[in-house]
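Here is the structure we will look at, set down as structure tokens.
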Amino acid sequence: MKKLFIFIMIACLCAVTCTKQEKNPFFSEWKTEFSVPPFDQIQKEHYIPAFEKGIEQEKKEIEAIVENKDDPNFENTLEALEESGMLLRKVSNVFNVLNGSMTDEEMQKIDQQVTPLLSNHRDDILFNEGLFQRIKTVYDQRDQLDLTQEQSTLLEKYYKDFVRGGANLSQEKKDELRKINEELSNLTMKFGQHVLKENNRYELVIDNKDDLAGLPQSVIDGALKAAEDRGYEGKWVFTLHRSSITPFLTYSEKRNLREEIFKAYINRCSHGDELDNKEIASRIAYLRVKRAHLLGYQTHAHYVLEENMAKKPENVYDLMNQIWEPALEKAKQESSELQDMINEEGKDFELQPWDWWHYAEKLKKKKFDLSDEMVKPYFELNNVREGAFYVANQLYGIEFAERTDLPKYHPDVKVFEVKDKDGSHIGIFFADYYSRASKRGGAWMNSFRKQYRLEGKDTTPVVTNNLNLTKPSGDNPALLTFSEATTLFHEFGHALHGLLSDCTYPRLSGTSVPRDFVELPSQIMEHWAAEPEVLKVYAKHYQTEEPIPQELIDKIEKAGHFNQGFVTVEYLAAAFLDMDWHTLTEPKEQDVFQFENKSMDKIGMIPEIVVRYRTPYFQHIFAGGYSSGYYSYIWSEVLDCDAFHAFKETSLFDEATANAFRNNVLKKGGTQDPMVLYKNFRGKEPEVKYLLEKRGLK
Ligand SMILES: [Zn+2]
């Protein structure tokens with residue numbers, strides 16, 4: 001009866017659009033091969049009703065779990081939770097992929113409309129006292145339950161979600177926590193908006209042609225266009241956006257202008273006006289300490305890192321210190337080489353931060369005689385993709401076959417079926433490599449459907465890769481820079497993580513792993529992309545099919561170590577700053593620059609380099625999700641360098657090592673502690689020395 005009642009309610013709600021909704025493809029099983037989303041049937045008007053019904057359905061499912069008269073156990077609580085929300089998952093996955101790759105105003109409007117619905121829905125689940133009590137009951141009995149590894153990880157994850165959200169606190173403390181969370185979300189939103197406004201406020205307007213000295217034509221054209229857009233006819237404009245300021249600092253011969261724009265960049269959001277972020281940053285750090293204490297943690301970093309592979313702030317500092325020393329040493333050498341170059345030019349000044357990019361570029365040209373244009377003919381898009389497939393095939397025996405008969409959401413997309421060495425179906429891979437107006441920037445991996453195994457049924461993955469390569473005109477081939485080719489391999493590594501997943505529960509499947517572990521499967525692929533043996537297979541001249549000459553490979557290899565002291569120091573200094581802000585043990589307002597200077601002095605930062613992000617515009621940690629997490633990139637890099645060395649010690653495609661990586665890392669998703677997974681693969685903990693070697697720091 002209850003079901004019938006709800007059915008009638010829904011029928012009434014959608015009375016107006018009923019004819020359309022009868023055909024809403026989210027409400028029926030997909031009859032396409034491998035249940036690939038039927039893109040030709042999915043219309044934008046289907047999303048909102050599917051989201052709403054998905055939320056409604058999950059609510060009902062959770063209510064049923066809470067109201068179950070049987071004593072809570074793993075099956076009727078945890079497994080039931082994993083089985084709930086399937087419709088919501090189905091529509092969210094499709095919407096999220098397409099909102100990244102094929103967005104428009106209508107999609108963004110839908111996004112704005114559903115985001116608060118979804119966040120409320122999540123909060124409702126996390127604050128559901130009855131649900132928490134059931135999970136807690138199972139959790140408290142966990143030692144007697146004879147759970148599999150995967151099950152105990154799942155139980156622990158759910159329990160932790162609730163506890164970390166404050167479920168174990170008294171009502172009074174819960175109220176306090178809610179207030180802190182509310183203030184924090186307002187402050188972090190403000191912080192981000194201020195940076196955005198500040199970026200758009202500044203402009204360097206050039207009206208004298210002489211001031212363009214040194215800039216390549218393409219950069220000048222871009223600046224002319226930027227000026228036009230801003231109503232400055234016949235002038236040139238540079239802004240603080242990376243794509244504008246970086247080429248300016250690199251190529252401009254006008255030292256005074258480099259200084260001007262650089263100083264504008266590093267003084268963002270600290271002018272004491274309405275966009276100033278100093279007090280906001282201090283307040284955010286203050287509130288985070290308070291919240292950590294409320295939840296029983298020593299510092300915010302302890303709270304965050306418990307969920308990561310690093311576990312404790314000490315481990316993060318320990319790693320950073322090991323890399324910092326040699327990196328700083330290298331940066332000092334680089335600095336003196338750049339100073340020599342300045343002197344050779346007969347100029348009489350000391351190297352300053354606004355000179356670094358400029359002289360590094362000059363030195364690179366002089367030392368290596370290497371440019372993007374020289375290598376591009378060897379990196380034709382299809383060849384590079386086949387190169388990635390080749391590596392996966394050599395390692396795991398898996399095959400990729402293009403399928404032109406499966407549904408796709410855009411003509412530029414290529415769809416591949418992935419099969420294991422015994423011919424069995426693994427999953428589907430969507431390769432969407434060209435940029436277009438409807439695609440967001442950057443490169444990423446995503447899933448239309450994750451792999452899992454519930455109710456005795458195998459669900460196979462459907463994953464996507466997106467890049468933003470310029471689409472060639474007519475019959476011209478797409479030629480990539482070496483760095484773009486590396487990015488393709490990187491994203492493909494994430495795709496393999498999703499495709500080769502072999503997990504029971506969706507919550508733990510594929511790439512659902514901690515942030516400081518997730519880049520291991522992707523970054524390790526970059527190593528193969530750059531191996532001479534592999535380059536000779538895939539880097540073939542697009543006209544002559546000649547493999548890339550050894551001389552060019554040598555140049556790429558040598559240039560790989562160039563400027564790594566600077567790059568590492570600039571990045572690590574920001575990672576130290578992040579950790580320093582989040583290991584404060586007492587809630588106390590800070591003088592932001594005093595704090596920052598102390599932090600930089602402590603590590604011996606040199607004046608020729610400025611930390612990649614200063615506090616007032618360090619969005620990753622004050623407006624994004626990277627607080628006490630900015631170190632993650634290099635943490636993962638330690639892992640991928642160490643992991644790749646396992647192949648170097650044997651052979652590039654060593655079967656036993658590849659199987660160990662597949663079985664212990666790629667297959668396992670987040671089903672076990674990442675360090676355990678890693679040690680199962682490698683037989684030991686990772687060592688930092690291979691990263692130092694790769695960056696040329698030892
Ligand atoms: Zn990545």
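The values are calculated or read from the model by the stated rules, or taken from the named source; none is laboratory data. Note that this is a predicted model, so its numbers are computed, not measured. Glycine also receives a Cβ, built like all others from the backbone with ideal geometry; neighbour counts cover every protein chain displayed. Keep in mind that these areas ignore ligands, DNA and RNA; they rest on the heavy atoms of the full protein, side chains included. Shrake-Rupley method; radii C 1.70, N 1.55, O 1.52, S 1.80 Å.
Quote the Stokes-Einstein diffusion coefficient, in whole µm² s⁻¹, for region 420-511, based on the Kirkwood radius over alpha carbon pairs, a temperature of 10 °C and a viscosity of 1.306 mPa s. If you can, show how the numbers build up before the last one.
Numbers: Rh = 14.6 Å.
The estimated diffusion coefficient comes to 109 µm²/s.
Charge dipole (Cα centre; +1 on Lys/Arg Cβ, -1 on Asp/Glu Cβ; no other charges) of the chain amounts to roughly 940 debye.
Model label sites at D207 and T585, defined 7 Å from Cα along the beta-carbon direction, differ in position by 5.9 nm.
Please work out the FRET efficiency for the pair L294 and E45, using the Cβ-Cβ distance as r and a Förster radius of 35 Å; give the result to the nearest 0.05.
So, using R0 = 35 Å, E works out to roughly 0.20.
Overall, region 368-463 carries a charge dipole of about 500 debye about its Cα centre when +1 sits on the Cβ of Lys and Arg and -1 on the Cβ of Asp and Glu, all other atoms neutral.
Which entries of K136/K684; K109/K439; K421/K668; K311/K689; K365/K694; K44/K414 show an alpha-carbon separation above 25 angstrom in the structure shown?
On the way: K136/K684 34 Å; K109/K439 16 Å; K421/K668 19 Å; K311/K689 21 Å; K365/K694 21 Å; K44/K414 23 Å.
From K136/K684; K109/K439; K421/K668; K311/K689; K365/K694; K44/K414, over 25 Å: K136/K684.
Computed from Cα positions, the angle between helix 86-101 and the longest principal axis of the chain comes to roughly 20 degrees. Each of T544, A559, A529 was placed along the dipole of region 516-594 (beta-carbon charges, centred on the mean Cα), and the one lying farthest toward the positive end is T544. For the chain, the 222 nm mean residue ellipticity estimated from helices alone, with every DSSP H stretch of n ≥ 4 adding -39500 (n - 2.57) and the total spread over all residues, rounds to -17500 deg cm²/dmol. The alpha-carbon atoms of region 44-199, seen along their principal axes, cover 56, 37, 28 angstrom, with the largest extent given first.
As I understand it, the dipole of region 315-467 uses +1 on the Cβ of Lys and Arg and -1 on the Cβ of Asp and Glu, about the Cα centre. Which of A327, P377, V391 lies farthest toward its positive end? Of A327, P377, V391, it is V391.
At the residue level, R288 shows approximately 10 square angstrom of accessible surface with a 1.4 angstrom probe and all protein chains present. Out of every Cα-Cα pair that region 90-129 contains, those further apart than 14 angstrom amount to 54 percent.
Fully extending the segment from E156 to N68, taken as 0.36 nm per residue of separation minus the present Cα-Cα distance, adds 29.5 nm.
So, with a 1.4 angstrom probe, what is the percent of accessible area on region 565-677 that is carbon and sulfur?
On region 565-677, the fraction of accessible area on carbon and sulfur atoms equals 49 percent.
Helix 129-140 and the long axis of the chain differ in direction by around 80°, with both axes built from C-alpha atoms. To the nearest ten degrees, helix 217-229 and the longest principal axis of the Cα atoms of the chain are 60 degrees apart.
Given Cα positions, please report Rg to Rh for the chain, the hydrodynamic radius being the Kirkwood one.
Working: Rg = 26.9 Å, Rh = 28.0 Å.
Result for the chain is an Rg/Rh of 0.96.
Based on protein heavy atoms only, the chain ends up with 46 Å² per residue of surface accessible to a 1.4 Å probe. With R₀ fixed at 45 Å, the C-beta to C-beta distance from R178 to E546 puts the FRET efficiency at about 0.10.
Considering only Y158, Y434, G272, the residue lying farthest towards the positive end of the dipole of the chain is Y158, judged by Cα position with unit charges set on Cβ.
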